[in-house]
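Structure first, commentary second.
The values are calculated or read from the model by the stated rules, or taken from the named source; none is laboratory data. From a predicted model like this one, the values you see are computed outputs, not experimental measurements. FYI the Cβ positions are ideal-geometry reconstructions off the backbone, even for glycines, and counts take in every protein chain you see. Heavy atoms of the whole protein, side chains included, go into the accessibility calculation; ligands, DNA and RNA do not. Shrake-Rupley method; radii C 1.70, N 1.55, O 1.52, S 1.80 Å.
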Amino acid sequence: MADGDDWPIRPREKYTNLLRLAKGTPFIKVITGIRRCGKSTLMKQFIQELMDSGIPAERVLYLNLESDDPELPRDGSSLSKYVSSKIPTERGSYLFIDEVQTVQGWEIPVASLYGKGVDIYITGSNSQMLSTDLSTRLSGRYIEVRVRPLSFSEYVSFREDSGLSPHELFDTYLVHGGMPAIAVAEGLSARPLIPAVLEGIYRTVYSKDIFGRHSIRNPAVMENFILYLMRNIGNRTSPKNIAGFLTSKGQKVTAATISEYMVAIDDALLMSRSERVSSATGGYMETTDKFYATDLGIRNHVAPMKDGGLSGLLENVVYNELLYRFGSAATLDVDGREVDFVVSSDGELSYYQVAVSIIDDVTRERELKPLRALKDNYPKTIVTYDRYPIKDIGGIKVVQVVDWLLEGV
């Protein structure tokens, strides 16, 4: 199976528009995201757009630092010399570096080239790269563009020739996730290859971005830790609880080690942490957080779906969509009750509760109670898998998940 980043796929306008807006500004453009989510394709499509606009080829340089090409630079010193030999290192030149973190000491030459006026775009598959010398040397002088696996609206666009309805596509999306290579494979009727592709992505993330970048003393514990989190998406958890569970299964581990492992999977962008905040104080509650998979295809490959697991998957989809729309989301504690998500946009809050169904009276009341306990007038929404005939309950919007995901499309 070919590398998904090399397949001709549809432009992702949300991210391309961000690069267009950033083009020529005095900032380094840092494109981050889990491996195989489409960073390289985005970069190549933008390069083609530059060339089509009249930028001379001799002013544009693209480097894939994970390539096996023996001529490519492998350290910071040779990176600077290599770039200088290929393009004028001055204003009007464009430098694109894929997987820049593979080169030791990349920050110094990138900062130097930036200082000469080169318009620089770099990609990386871990969030830790932004806490290196780049942030120290270029404080306030870089823009992060966080690329994610396909949102559901993007997935529908990728698969518009499938002949399937949005609701049929959603059920596939829940199982196979939104990696562009997977969506393309489905379109090519290559479904039997999907497990192998997902395994390859997961193993690359694990070996290069988790095990390869962190001091993992016990790989077996790390794998079981990841499995635990994947099985418990949407459930509140803590380092202490996880350490206790793994120790009870014969893998003695401390809460401190689990905390380190949480940082490692967060850096690798394999999962995201939804912090728990208090509605009373607005502060972070250092008790338990929730974790969600960046891609449900990887999640279901690592921890296959079981009966009764739809609730967590649905919550995961809504969380990822909120990150796609707003950049962040948190879980809200309302006097001991929980609102699944709260987001802030331009100072305005909005609240989201997620439920498979609210047909049952007891379930509906349980989901409504935390939202009713909020005393402000910001928008409140319940997102459901099953369709509910009433669209508004006392000012609280009720919307079926596919309708919500495709709002404005």
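Restricting to DSSP H runs of at least four residues, report the calculated mean residue ellipticity at 222 nm for the chain, -39500 (n - 2.57) per run over all residues, nearest 500 deg cm²/dmol. Helix-only estimate at 222 nm: -12000 deg cm²/dmol. Taking the longest Cα principal axis of the chain as reference, the axis of helix 13-22 is set at about 50 degrees. Looking at region 342-409, the GluC sites (Glu not before Pro) that sit in a DSSP loop and have at most 11 other Cβ atoms within 10 Å of their own Cβ are GLU407.
What trypsin sites (Lys or Arg not before Pro) in region 344-409 are in a loop by DSSP, with at most 16 other Cβ atoms within 10 Å of the Cβ? The partial results should precede the final answer.
Values: sites: ARG364, ARG366, ARG372, LYS375, LYS380, ARG387, LYS391, LYS397; in loops: LYS375, ARG387, LYS391.
The qualifying sites are LYS375, ARG387, LYS391.
To test your reading of the geometry: what angle, between 0 and 90 degrees and rounded to tens, separates the Cα axis of helix 194-204 from the longest principal axis of the chain? Value to nearest ten degrees: 70. Note on region 274-409: Lys pairs 8 or more places apart or on different chains, Cα atoms under 24 Å apart, count 10.
Per the Debye formula on identical point scatterers at the alpha carbon atoms of region 107-216, with no solvent, log10 I(q)/I(0) at q = 0.15, 0.19 Å⁻¹ is -0.82, -0.98.
Go ahead and run the numbers for FRET between GLU49 and GLN400, Cβ-Cβ distance against an R0 of 25 Å, rounding to 0.05. All intermediate terms of the calculation are to be shown ahead of the outcome.
Working: r = 37 Å, r/R0 = 1.46.
Calculated transfer efficiency: 0.10.
With an 8 Å Cα cut-off and a minimum separation of 6 or more residues, compute the relative contact order for region 192-269 in percent.
Values: 40 pairs, mean separation 25.0, N = 78.
Once divided by the residue count of region 192-269, the mean separation gives 32 percent.
Would you work out which of LEU18, VAL399, THR254 lies farthest towards the positive end of the dipole of the chain? Charges go on Cβ: Lys and Arg +1, Asp and Glu -1. Toward the positive end, the furthest listed residue is THR254.
Considering only LEU269, LEU323, LEU130, the Gaussian network model of the chain with Cα springs below 10 Å gives its largest mean-square fluctuation to LEU130. When the accessible area of region 1-94 is split by element with a 1.4 Å probe, what percent falls to carbon and sulfur? Carbon plus sulfur share of accessible area: 51 percent.
Given a Förster radius of 35 Å and the C-beta distance between GLN104 and TYR388 as r, what FRET efficiency does 1/(1 + (r/R0)^6) yield to the nearest 0.05?
Numbers: r = 55 Å, r/R0 = 1.58.
With a Förster radius of 35 Å, E is 0.05.
Once both labels are positioned 7 Å from their Cα atoms along Cα-to-Cβ, the gap between ILE359 and LYS81 label points is 7.1 nm.
Once the chain from ASP266 to SER139 is taken as fully extended at 0.36 nm per residue, the excess over their C-alpha distance is 43.5 nm. Net charge dipole, the chain: roughly 680 debye, given to the nearest 20, about the Cα centre with Cβ charges of +1 for Lys and Arg and -1 for Asp and Glu. Ordered from largest to smallest accessible area (heavy atoms of protein chains, 1.4 Å probe), the residues ASP171, ASP119 come out as ASP171, ASP119. Rounded to the nearest 10 degrees, the inclination of helix 310-326 to the longest alpha-carbon principal axis of the chain is 50 degrees. The GluC sites (Glu not before Pro) of region 79-147 meeting both criteria, a DSSP state outside H, G, I, E and B (loop) and at most 13 other C-beta atoms within 10 angstrom of the site's C-beta, are GLU90.
This model, with +1 at the C-beta of Lys and Arg and -1 at the C-beta of Asp and Glu, gives region 252-409 a dipole about its Cα centre of some 260 debye.
Residues in region 102-200 average 40 Å² of solvent-accessible surface per residue, probe 1.4 Å, ligands and nucleic acids excluded.
Once both labels are positioned 7 Å from their Cα atoms along Cα-to-Cβ, the gap between SER189 and ALA57 label points is 3.8 nm.
Probing with 1.4 Å while keeping every protein chain in the model, the per residue accessible area of region 234-353 equals 42 Å².
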